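Accompanying notes for the structure given below.
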Amino acid sequence: MKRTERIIGIIAFASIILNLNLVPLGSTLSVISLSCLSVLYMYLGSAIFCGVPLQKVFIKESYAGYSNRRKSVNVMIGMIISATLVGILFKLQGWPNASFLLQIGSGGLLISALIYFIKVRDKNPAIYSNVINRIAIVAMFAFIFMLTPKEKLLEFKYRNHPEYVKAVKKAWADPDNQALWKKVAEESLKIYKEK
């Protein structure tokens, strides 16, 4: 399980860099990898935090050393990390509600880190570091994307295409104007015809 998580995490990180540099298929790869990582934490978060191998995820005895409360907290943290990863994906792609997802996810990560710091730290340091390290990594990316305004992200991503940036900003200012969105589509086509 750890290897699967690391491989998908490395691919997700690389895809973010590719996406921000407009490398062909970078956007597609970031959607797939961040979605896979999100699904992994959503459904297998408790197994990941308990250190259960992928082959033993559905075997009840694999979780024998963990209380129901701890397993429930692990499930909750997996869901929070999943929502945060979706927020990062939405912000990266310029989709709506990214800020909301990032705020909810970051707040949840902060609360989760405090709970683990207070409750689990002294009882089981291995579990504590296992969860806190993941929370810290996801929270770092969440805060970076949350603090970066969508206009700055747009300007950076399309730094070599100022006409597209200008068209998108105008369309954001007047979202009901279909002519402005048509101009955005035209400028978008010019970008991909160049490549």
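Readers should treat all values here as calculations from the given coordinates under stated rules, not as data from a laboratory. No experiment lies behind these values; they were computed from the predicted model shown. Cβ sites come from the backbone with ideal geometry, for glycine too, and all protein chains shown count toward neighbours.
To the nearest 10 degrees, how steep is helix 162-173 against the longest Cα principal axis of the chain, on a 0 to 90 scale? In the chain, helix 162-173 runs at an angle near 70 degrees to the longest axis. Annotation for L189 and I137: the two label points, set 7 Å from Cα along the Cα-Cβ direction, are 4.2 nm apart.
Candidate cross-link partners of K182 among the lysines, defined by an alpha-carbon separation under 19 Å and a same-chain spacing of 8 or more, comprise K166, K169, K170, K190, K193. Taking Cα centre as origin and charging only the Cβ of basic (Lys, Arg, +1) and acidic (Asp, Glu, -1) residues, the dipole magnitude of the chain rounds to 440 debye.
A Förster radius of 22 Å, combined with the Cβ-Cβ distance separating I144 from I10, puts the computed FRET efficiency at roughly 0.80. Once Rg/Rh (Cα atoms, Kirkwood Rh) is calculated for the structure shown, the corresponding label among (1) 0.93; (2) 1.00; (3) 1.07 turns out to be (3). With a cut-off of 13 Å between beta carbons, the residues surrounding Y63 carry a summed charge of +4, where Lys and Arg count +1 and Asp and Glu -1.
Here's the list of lysines a cross-link from K2 could span, going by alpha-carbon distance under 29 Å and ignoring same-chain residues fewer than 8 apart: K56, K60, K71, K91, K119, K123. Entry note, the stretch 48-195: relative contact order of 18 percent, from Cα contacts under 8 Å with a spacing of 6+ residues. Compute the label zone of I111 within the stretch 73-91: residues whose backbone N is under 11 Å from the point 7 Å along Cα-to-Cβ. Correct set: 77, 80.
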